[in-house]
Amino acid sequence: MIEIHEDKCDLCGCCVGVCPENCIDLTESRISIEYDICTDCRKCEWACPFEVFEFKNQRANVKVPA
Amino acid sequence: MKDSYDVVVVGGGPAGTTAARFAAMGGADVLVLEKDREIGVPVRCGEAVDHEGIIEFIQPDKKFVAAEIRNFKLVAPDGTVVKPLIEGVGYVLDRRVFDYELARLAADEGAEIVTKAYVDSVTRNNGRVDGVTVQYKGDRIRLKSKIVIGADGVESRVGRWAGMNTTVSMHDMESAAQVTAANVNVEDDTCLFYFGEKYAPGGYLWVFPKGNRTANIGLAVAADQSRKKHALKFLEEFMEKKFPDASVLSKLAGGVPCAETLEEVSMPGLMLVGDAAHQVNPVSGGGIISGMIAGKMAGKVAADVVKKNDMSLLRDYDQEWQKSLGARHHRYYKIKKVIYKFRDNDLNSIAAAMSKLPESEQTLGALFKQAVIKHPTLIVDVMKLFFS
Ligand SMILES: Cc1cc2nc3c(=O)[nH]c(=O)nc-3n(C[C@H](O)[C@H](O)[C@H](O)COP(=O)(O)OP(=O)(O)OC[C@H]3O[C@@H](n4cnc5c(N)ncnc54)[C@H](O)[C@@H]3O)c2cc1C
Ligand code: SF4
Ligand code: SF4
């Protein structure tokens, strides 16, 4: 699953824009992922300018996007 | 804050406050909700605009103009510098003050602006958007409105909550990093652009002066190419090499949706403006002016819908956008696709050919012509561009 290194996040919203599941929540001061919706597609990880996300082993219950 | 408005605008950037300003001017009761604690902060922008673009909305003023731009320099991957002749003048803004001023103009027309208000969903009734829910001062409040205007930037969720597909593809999202740095040796009237794989694959690097030896230095990489090396790494390497003595005053991340213009920018009860509607120029990544232009259109139409109590008029916004800037962005998007095929050696040979021309002939038009002459295979793409 996708881990967030919150201390590195600049709250810019680039990841939110590419997330196909619309499951990243970005308030004025915090970023969080709704993990029950996230498909581990890793687009947020690849798009983030500051390398905030880290992909750690695939979860078993996740539907893989087409 | 009341519990019901004619128009609720989500996001207090240039697109949102301009929409609010013109909706309020047209007589609508308008509320702007901004999640940050302050309008204009943080700045996530290179801050460059052209004079012609902003005068429709606000008179350039030294309190928000940091530098006046009269020259461009384009640097090819091999270091060849091309200085195309440009007409007119541009500015590097201080957006902190600029965004503030735009918000003030909206407030002067009667729009209410609330900060630290985070919108977390839109509400719907019979397929029509009829309000939002907002987290404010520890409460979650339901606000009703005749029209919601989603001006929530690159991170926009408003359209998606309502069922519109506004996700940006990895190919079209530009993943960006920028520093504002001091003690940099730059010409105060010249914007520099660097192109090539080593600077910013699928994007470009910019150095925009802000006066007193300071500058915005940033770059954007196509998100589908930033996987191996992220934007910040590219930028750190560039700074190390070109400006080792610079002091970094601020460092920011960002995303620019350089996408094809959306087919629909409204649905019943909802309009999208600015980055939220992918209204950025897909070639340059500039979105301040086009967001304001769309904001004005949307604000005026919203006021009209309210006044005449006729929701079908909302489509006027779609029509106006599509026939003006929308059509232009559609063409730009095709140009972008052609440009993205250029590799470093293509860029080098275009720059070499340009620099052989007499100075008076080094125009942007000539640059484009060189691109076509040097790369006959691209002619097919360009033909498609002009005849489709
Ligand atoms: C690094 C970088 C450099 C750029 N350089 C330039 C340039 O030189 N020239 C140019 O013209 N353009 C540039 N752009 C693009 C330009 O910054 C944007 O196009 C412009 O800011 C878009 O304006 P907007 O009003 O649509 O969105 P924004 O200015 O992003 O405003 C959106 C607002 O909505 C708020 N918001 C988001 N979600 C919510 C929510 N749920 N609830 C409440 N509020 C919310 C945000 O906090 C934000 O204040 C650049 C962009 C980046 C990232
Ligand atoms: S793209 Fe990266 S820096 Fe920007 S909000 Fe997402 S996690 Fe944070
Ligand atoms: S992995 Fe994919 S679905 Fe999950 S948060 Fe990131 S972009 Fe969204």
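A few comments on the model shown:
- The equivalent ellipsoid that matches the C-alpha gyration tensor of the stretch B:168-213 spans semi-axes of 25, 11, 9 angstrom, in descending order.
- Principal-axis tilt of helix B:376-387 within chain B, Cα atoms, nearest 10 degrees: 30
- Kirkwood Rh (inverse of mean 1/r, distinct Cα pairs), the stretch B:107-234, angstrom: 18.1
- Cα-based reach from B:LYS337 at 17 Å (exclusive), listing aspartates and glutamates while leaving out same-chain residues under 8 positions away: B:ASP172, B:GLU174, B:GLU197, B:ASP224, B:GLU260, B:ASP346, B:ASP381
- In a simple Cβ point-charge model (Lys, Arg +1; Asp, Glu -1; nothing else charged), chain B has a dipole of about 720 debye relative to its Cα centre.
- Residue with peak Gaussian network fluctuation, chain B [Cα springs, cutoff 10 Å], from B:LEU93, B:LEU85, B:LEU31: B:LEU85
- Using a probe of 1.4 angstrom and keeping all protein chains present, the accessible surface of chain B works out to 43 square angstrom per residue.
- Förster radius 41 Å - calculated FRET efficiency between A:ASN57 and B:GLU187 (Cβ-Cβ, nearest 0.05): 0.20
- Taking 0.36 nm per residue of separation and subtracting the current Cα-Cα distance, fully stretching the chain between B:SER169 and B:LEU249 would add 25.6 nm.
- Normalised contact order of chain B, rounded percent, pairs of Cα under 8 Å and 6 or more residues apart: 21
- Base-10 log of normalised Debye intensity for chain A (one unit scatterer per alpha-carbon) at q = 0.14, 0.21, 0.22 Å⁻¹: -0.36, -0.81, -0.89
- The calculated FRET efficiency for B:LYS228 paired with B:LYS137, based on their beta-carbon distance and R0 = 51 Å, is about 0.70.
- Percent accessible area from carbon and sulfur atoms, chain B, protein chains only, probe 1.4 Å: 51
- Net charge of Cβ neighbours under 13 Å - reference B:VAL97; Lys, Arg +1; Asp, Glu -1: 0
- Projecting the Cα positions of B:GLN225, B:LEU313, B:PRO14 onto the charge dipole of chain B (unit charges on Cβ atoms of Lys, Arg, Asp and Glu, taken about the Cα centre) puts B:GLN225 furthest along the positive direction.
- A simple spin-label model places pseudo-atoms 7 Å from Cα toward Cβ; at B:VAL97 and B:SER324 they are separated by 2.8 nm.
- Distance cut-off 35 Å, percentage of C-alpha pairs in chain B lying past it: 27
- The charge dipole of the protein assembly as shown, taken about its Cα centre with unit charges on the Cβ of Lys, Arg, Asp and Glu (plus for the first two, minus for the last two), comes to roughly 660 debye.
- Beta bridges by DSSP in the protein assembly as shown, antiparallel share as percent, to the nearest 5: 70
- The protein assembly as shown, Cα convex hull volume normalised per residue, Å³: 151
The values are calculated or read from the model by the stated rules, or taken from the named source; none is laboratory data. What you see is a predicted model; the values in this text were computed from it and never measured. Here the Cβ is made from the backbone with ideal geometry for all residues, glycine too, and neighbour counts use every protein chain on show. Calculation scope for accessible area: heavy atoms of the full protein, side chains included, ligands and nucleic acids excluded. Shrake-Rupley method; radii C 1.70, N 1.55, O 1.52, S 1.80 Å.
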